[in-house]
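Enquirer: Before anything else, here's the structure in question.
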Amino acid sequence: MRKNIVAGNWKMNTTLPEGVALAKEVNEALKSADAKCDVIICTPFTHLASVNAVIDSKLGLGAENCADHASGAYTGEVSAAMVASTGAKYVILGHSERRQYYGETSAILREKLALALANGLQPIFCVGEVLEQRENGTYNDVVKAQVEEGLFQLSAEEFGKVILAYEPVWAIGTGKTATAEQAQDMHAHIRSVIAGKYGQEVADNTSILYGGSCKPSNAREIFAKPDVDGGLIGGAALKCADFMGIVAAFD
């Protein structure tokens, strides 16, 4: 059975003291909450070890990225092994901001994915279309290509360790949100693409998260759709009450 998951992506926000305080707050809130989903926070690299020291096992910890090399002369990069050494268990890969601003290609992401898996990290692999692709009707083909080019080199066993996240890029930080029906349609499409490669059982066991301006006010409707297994949360993950409000959408 696939898991319901709410994962926070803090992006380039919070200083170390602020991040530790937020992690503590979420951790305490989770202790008293009857969460019906797995809960993960993905923090800046600088925070990982310190945050890991103040949370318990109910709250998962992830990084927002890792390098496409195992080690070496790559100044400023952080390897998958380094991430794993902090106690983090997850890593976001292929986020639209990494693709758009830093030129990450499917070839780069395949390297990152292999290194993440080799170091015991569970990838949260992002796919999604920009506004022009939504408007010109190519969005299904675009997302299908991202899934195939980024993930289909994996064995079925390896693929079973991957969490997917669908990001309608036109709905990130814009205030726009895909309707629950649009989210469901794309999630079902992604699941069908997976089934075509790995079979229906693997597809049915793959968690696919929605990642576009999800808030406490719309999370319940989106999460109620049969192929939506939770959310990858940006801005709302920076306030404990908002983040826990989204966690509470599963009841």
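Yes/no per residue for (1) modelled with pLDDT under 95; (2) among the β-branched types (V, I, T); (3) part of a helix (DSSP H, G or I):
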residue	(1), (2), (3)
M12	no, no, no
D34	yes, no, no
D56	no, no, no
A67	no, no, no
V78	no, yes, no
R99	no, no, yes
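Enquirer: I would also like to ask the following. All but one of (1) surrounded by 21 or more Cβ atoms within 10 Å (Cβ to Cβ); (2) touching a residue at least 60 places away in the same chain (Cβ under 8 Å) hold for Q100; state the number of the condition that does not hold.
Expert: Here Q100 meets the rest and fails (1).
Enquirer: Here's another thing I want to ask about it. Return the residues of the range 6-25 that are touching a strand residue (DSSP E or B) at 6+ places or on another chain (Cβ under 6 Å) and β-branched (V, I, T); say none if nothing qualifies.
Expert: The answer is V6, and nothing else.
Enquirer: I would also like to ask the following. For residues that are within 17 Å of the chain's Cα centre (by Cα) and assigned to a helix (DSSP H, G or I), scanning just the range 103-113, find the one that is surrounded by the most Cβ atoms within 10 Å (Cβ to Cβ). So that I can check it myself, show each step before the final result.
Expert: Within the range 103-113, the subset within 17 Å of the chain's Cα centre (by Cα) is 104, 106, 109-110, 112-113.
Now narrow it down to the ones that are assigned to a helix (DSSP H, G or I): 106, 109-110, 112-113.
Details: S106: 17, L109: 23, R110: 18, K112: 25, L113: 27.
Once the filter is applied, the top-ranked residue is L113.
Enquirer: Taking the stated definitions as given, is S50 polar (S, T, N, Q), over 18 Å from E104 (Cβ atoms) and free of Cβ contacts under 8 Å to residues at least 24 places away in the same chain? I'd like the intermediate steps shown before the answer.
Expert: On the way: polar (S, T, N, Q): yes; over 18 Å from E104 (Cβ atoms): yes; free of Cβ contacts under 8 Å to residues at least 24 places away in the same chain: no.
No: the conditions fail for S50.
Enquirer: Looking at A188, A183, A219, which one is among the small types (G, A, S) and surrounded by fewer than 21 Cβ atoms within 10 Å (Cβ to Cβ)?
Expert: Exactly one of A188, A183, A219 is among the small types (G, A, S) and surrounded by fewer than 21 Cβ atoms within 10 Å (Cβ to Cβ), namely A188.
Enquirer: Ok, one more. I want to confirm something. Restricting to the range 34-68 and keeping residues that are of a type in the set (G, A, S) and touching a Lys or Arg at 6+ places or on another chain (Cβ under 9 Å), which single residue is surrounded by the most Cβ atoms within 10 Å (Cβ to Cβ)? Give the steps one after another, and end with the answer.
Expert: Taking the range 34-68 first, the residues of a type in the set (G, A, S) are 35, 49-50, 53, 57, 60, 62-63, 67.
Then drop every residue that is not touching a Lys or Arg at 6+ places or on another chain (Cβ under 9 Å), which leaves 35, 60, 62, 67.
Values: A35: 19, G60: 18, G62: 23, A67: 20.
Taking the candidates together, the pick is G62.
Enquirer: Out of all the residues in the range 70-80, is one or more more than 13 Å from the chain's Cα centre (by Cα), under 26 Å from R191 (Cβ atoms) and buried (at least 21 other Cβ atoms within 10 Å of the Cβ)?
Expert: No, that holds for no residue.
Enquirer: May I ask you to list the residues in the range 113-132 that are more than 22 Å from I233 (Cα to Cα) and either basic (K, R) or at pLDDT 95 or above (or both)?
Expert: Within the range 113-132, A114, L115, L117, A118, N119, G120 qualify.
Enquirer: May I pose another question? When V147 is evaluated against the numbered criteria (1) more than 15 Å from the chain's Cα centre (by Cα); (2) surrounded by fewer than 23 Cβ atoms within 10 Å (Cβ to Cβ), which criterion, by number, is the only one it fails?
Expert: Every listed condition holds for V147 apart from (1).
The values are calculated or read from the model by the stated rules, or taken from the named source; none is laboratory data. The structure presented is a predicted model; accordingly, all values stated were derived computationally and were not measured. Positions of Cβ are generated from backbone atoms using ideal geometry, with glycine treated the same way; all protein chains shown enter the neighbour counts.
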